[in-house]
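See structure below.
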Amino acid sequence: MTSIDAFKTPSSRSCLAIVLAAGEGTRMKSGKPKVLHQVANRSMVGHVLATLTKAGATSVAAVIGPDREDVAKEVQKNFPEARIFVQRDRLGTAHAVLSAREALEQSADDVIVAFGDTPLVLAETFAKLRAPLAQGAGVVAMGFEAKDPTGYGRFITSGDELLAIREHKDASEAEREITLCNGGLMAIRGDLALTLLDRVRNDNAKGEYYLTDIVEIARELGHRTAIAVVPEEEVHGVNDRAQLAAAERMIQDRLRHEAMAAGVTLVAPETVFFSHDTQLGQDVMVEPHVVFGPGVFVEAGAVVHSFSHLEGTRIASGAGVGPFARLRPGASIGPKAKVGNFVEIKNTELGAGAKVSHLTYLGDATIGAEANIGAGTITCNYDGFGKHRTQIGEGAFIGSNSALVAPITIGKGAFVGSGSVITDDIPDNALGLGRGRQIVKEGWALEFRAKALAAKKK
Ligand code: UD1
Ligand code: CA
């Protein structure tokens, strides 16, 4: 084994990534194939493909189970030129790789085998795995020091040579003592791959065609093998819901560290949940207990207060949202705007400095700069058939507890009296009132009490 860090993979080498995703995921007890389960709002196979792209894969072959159009679709969403191969019978990891024979025949410089259910591998690691190939190694295996090696393939080494990988079920008592285990992922020299794979047999404890056998085969044919050692966390595979939750925990930890490293304050990082695509500017401050769904972009210096839930939202510089804000897809919060507690906003642009401080629903609306939306304002945007827009001009003032029945336009600087139901447009700087007129009866309460008392005495 040679020290791998010394090598650089020339980026000019072509690289075919074969992603194994034919597992049924029985232990997930799910109607959905395993690799489509999500961590940080992206399918596991989506993570693997994104990482492979970052690591310089030039082509992708995904091996999926029969009748899994859903998996094929997800693969192509994440790597549009990916070729899909179906593995009809699950006869082992080498058999799975060979399902992509046509892709292998095109003989890329490097071949990487990745698992669709192992989403935490970093792009640098794939690069590290490839590197020895450029220096003439035939096969590189990814190893880790296992806390509990039970179930994993063991690395049989001599000095720093990797001689073979022994699957747990086939290992002797002595071999089972080995803690340097196989992470499963491999890099293979492209012009060798088919020669090695075609020699794999299934005379082992499981009666499967093991990918791991290509290590011994490569050595028999006189090729060099190498090991890339990675932290155990990276090769964490997901077979059940508890392992899925563990993967989520690890990926959230990474995302929290990345956010803080980029200059974001997380008061209690362990209580903030990110999406793989969350983007936060410098000096953004996130209070405890906030959930970021997909597609959130927060500009520098904005504050997200506790217990807020955001998705598909843009928040501009200096704005503040929450506590208890719910921002749904299409919410765009302008610079220095304020969204307070128990406010839900969907598909709505809130202008600079506008305020929506409490208890409000804004859907399908455009709110001008510096407008003030009173507590309890509701845009009635849906009539059971279609969605309609509400336009509120700059500097308008919407009195508390008003229902704005869309489609409706409220002019710049206009006022809406509290408790109004507004069904007609209001011009600039006008007052709109839509409520019953108040009447006052002097002395009425005295008369009422006297009558009521007399009736009781009878
Ligand atoms: C594999 C390795 C083992 C390693 C472990 C790490 C082999 C023979 N063994 O074992 O050394 O320690 O990973 O987790 O490679 N798959 C298919 N089609 C098949 C078989 C598998 O697509 O016919 C896919 C699975 O869905 C999974 C991956 O390949 O994503 C690995 O297969 P799995 O059966 O989990 O291998 P392990 O027994 O865990
Ligand atoms: Ca496994």
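Listed residues 257, 276; which is modelled with pLDDT of 95 or more, surrounded by fewer than 16 Cβ atoms within 10 Å (Cβ to Cβ) and more than 16 Å from ligand 2 (Cβ to nearest atom)?
The unique qualifying residue is 257.
Return the total of residues in region 191-213 being of a type outside the set (S, T, N, Q), in contact with a Phe, Trp or Tyr (Cβ under 9 Å, 6 or more places away or on another chain) and either closer than 13 Å to residue 167 by Cβ or surrounded by 15 or more Cβ atoms within 10 Å (Cβ to Cβ) (or both).
Qualifying residue count, region 191-213: 2.
Mind telling me which of the residues 297, 274, 292 ends up being under 20 Å from residue 253 (Cα atoms) and touching a helix residue (DSSP H, G or I) at 6+ places or on another chain (Cβ under 6 Å)?
Result of the check over 297, 274, 292: 274.
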*Can you tell which of 131, 137 is part of a loop (DSSP other than H, G, I, E, B) and of a type in the set (A, V, I, L, M)?*
137
_Quick test of your reading of the structure: residue 41 fulfils all but one of (1) more than 27 Å from residue 219 (Cα to Cα); (2) in contact with a Ser or Thr (Cβ under 6 Å, 6 or more places away or on another chain); (3) within 14 Å of ligand 1 (Cβ to nearest atom). Name the failing condition by number._
(3)
*Return the pairs, sorted by first residue and then second, in which the second residue is modelled with pLDDT of 95 or more and not hydrophobic (A, V, I, L, M, F, W, C), the first residue lies in region 261-276 and is closer than 15 Å to residue 305 by Cβ, the beta carbons are less than 7 Å apart, and the residues are 6+ apart or on different chains.*
266/256; 267/287; 267/288; 268/288; 271/288; 271/289; 272/256
*In the list 375, 352, which residue meets the criterion of being aliphatic (A, V, I, L, M), closer than 19 Å to residue 330 by Cα and out of contact with any helix residue (DSSP H, G or I) (no Cβ under 8 Å at 6 or more places or on another chain)?*
352
*Would you check which residues across region 93-117 are in contact with an Asp or Glu (Cβ under 8 Å, 6 or more places away or on another chain) and either in a helix (DSSP H, G or I) or within 14 Å of ligand 2 (Cβ to nearest atom) (or both) and list them?*
93, 94, 95, 98
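Using the structure shown, decide if residue 241 is more than 20 Å from residue 126 (Cβ to Cβ), under 23 Å from the mean Cα position of the chain (by Cα) and touching a residue at least 60 places away in the same chain (Cβ under 8 Å). Step through it out loud before you land on a result.
On the way: more than 20 Å from residue 126 (Cβ to Cβ): yes; under 23 Å from the mean Cα position of the chain (by Cα): yes; touching a residue at least 60 places away in the same chain (Cβ under 8 Å): yes.
In short, yes.
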*Residue check: is residue 165 assigned to a strand (DSSP E or B), at pLDDT 95 or above and under 15 Å from residue 18 (Cα atoms)?*
no
*Output the number of the condition that residue 107 fails; it satisfies all remaining conditions of (1) at pLDDT 95 or above; (2) out of contact with any Cys (no Cβ under 6 Å at 6 or more places or on another chain).*
(1)
*Specify the residue that is surrounded by the fewest Cβ atoms within 10 Å (Cβ to Cβ); the eligible residues are those in region 239-254 that are touching a helix residue (DSSP H, G or I) at 6+ places or on another chain (Cβ under 8 Å) and over 18 Å from residue 276 (Cα atoms).*
241
*Within region 27-45, is there a residue that is touching a residue at least 24 places away in the same chain (Cβ under 8 Å), closer than 18 Å to residue 125 by Cα and touching an Asp or Glu at 6+ places or on another chain (Cβ under 9 Å)?*
yes
*Using beta carbons and a limit of 6 Å, which pairs, at least six apart or on different chains, have the first residue in region 82-100 and closer than 19 Å to residue 141 by Cβ and more than 10 Å from ligand 1 (Cβ to nearest atom) and the second one of a type in the set (Val, Ile, Thr) and assigned to a loop (DSSP other than H, G, I, E, B)?*
none
*Starting from residues that are within 14 Å of ligand 1 (Cβ to nearest atom) and in a loop (DSSP other than H, G, I, E, B), keep the ones in region 168-190 and report whichever is surrounded by the fewest Cβ atoms within 10 Å (Cβ to Cβ).*
179
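The values are calculated or read from the model by the stated rules, or taken from the named source; none is laboratory data. None of the values given here were measured: they were computed from a predicted structure. Neighbour counts are summed over all protein chains in view; Cβ atoms, including those assigned to glycine, are modelled from backbone coordinates with ideal geometry.
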